[in-house]
Amino acid sequence: MNQKVKFLIFICVIVIAAFLVKATPFAHYFSKEHIITFLQAIRGEWWGPVVFIMIYGIGCVFALPGSVLTLAGGAVFGIWRGTLYNAIAANFGASLAFFVARFMGRDFVKGFMKSGKMAKFDEQIGKSGFKTIFRLRLIPIVPFNGLNFGSGLSSIRFRDYLFASLLGMLPGTFIYTYFADALVKGVQGASQKAFLNLTAACALLIFISFLPSIYQKVKGNRNEKI
């Protein structure tokens, strides 16, 4: 298949999926409340977590917001099981999205950036893939799906992407899961403890968002001393 055609199909699928999720009657089925209701119905089944992981993975390919799925997993499965399932599901989905973007669009992007500053930038990103992805995964405001697809379109090696995602997403995954579990317990009546847990989750989320900047500052100070 022609490189341009594959890339156009890739872009069209993402745009159509985003439109279905946000601007059509189907949006109701992709809401956090609807997903939680569905997961609660299958939570007692041995295959419930497997279905959740598959939904999460396929949802990433079609640009379904990862935060919605992570919160749903925490609300239904609790802190520890929820963190485990969310971590597996998020990395499974991120890997699927990476491979879709790599197969559908990498050749076109590579051909588009044959020379010049963009080609050099792509080369540098490929060399520092692990460090780049790890830092970006620690920042909560970086779009989850955007980073998945963008990494697949870049020269970053999958090995670097996978291990950086595994490590970089773990703190945020735990915090979002913790937040969702505390929110559910607050609704169920444990208001004081839930409020403290929510406060702690928010504080941790803010803290990890500053980790890349703190790392850069510490690294800069060490270089100055040397």
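The values are calculated or read from the model by the stated rules, or taken from the named source; none is laboratory data. For clarity, every value in this text was computed on a predicted model and none was experimentally measured. We place every Cβ from the backbone using ideal geometry, glycine too, and count neighbours over all the protein chains shown.
Quick notes
- Near pairs, Cβ below 7 angstrom, 6+ apart or cross-chain, from region 153-171 (closer than 25 Å to Met118 by Cα) to any residue that is assigned to a helix (DSSP H, G or I) and of a type in the set (S, T, N, Q): Tyr161/Ser151; Leu162/Ser95; Ser165/Asn91
- Lone unmet requirement of (1) under 20 Å from Ala180 (Cβ atoms); (2) touching a residue at least 12 places away in the same chain (Cβ under 8 Å) for Val13: (1)
Residue-wise test of (1) assigned to a helix (DSSP H, G or I); (2) over 27 Å from Trp47 (Cα atoms); (3) under 20 Å from the mean Cα position of the chain (by Cα); (4) modelled with pLDDT of 85 or more.
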position	(1), (2), (3), (4)
Leu84	yes, no, yes, yes
Ser95	yes, no, yes, yes
Gly105	yes, yes, yes, yes
Gln124	yes, yes, no, yes
Gly146	yes, yes, yes, yes
Phe149	yes, yes, yes, yes
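- For region 1-14, a tally of residues being part of a helix (DSSP H, G or I), farther than 16 Å from Cys60 by Cβ and either hydrophobic (A, V, I, L, M, F, W, C) or under 19 Å from the mean Cα position of the chain (by Cα) (or both) returns 6.
- Test for Arg135: is it touching a Gly at 6+ places or on another chain (Cβ under 6 Å) and surrounded by fewer than 19 Cβ atoms within 10 Å (Cβ to Cβ): no
- If you go through region 126-144 and keep only what is assigned to a loop (DSSP other than H, G, I, E, B) and either touching a Ser or Thr at 6+ places or on another chain (Cβ under 9 Å) or within 16 Å of Arg102 (Cβ to Cβ) (or both), you end up with Ile139, Pro140, Ile141.
- The one condition from (1) modelled with pLDDT under 85; (2) of a type in the set (S, T, N, Q); (3) touching a helix residue (DSSP H, G or I) at 6+ places or on another chain (Cβ under 7 Å); (4) not in a helix (DSSP H, G or I) that Ser115 does not meet is (3).
- Residues considered: Pro140, Pro65. Of these, the only one that is surrounded by 15 or more Cβ atoms within 10 Å (Cβ to Cβ), at pLDDT below 85 and under 14 Å from Gly168 (Cβ atoms) is Pro140.
- When residues of region 126-147 are limited to those that are among the β-branched types (Val, Ile, Thr) and out of contact with any Pro (no Cβ under 7 Å at 6 or more places or on another chain), the one nearest to Phe163 (Cα to Cα): Ile133
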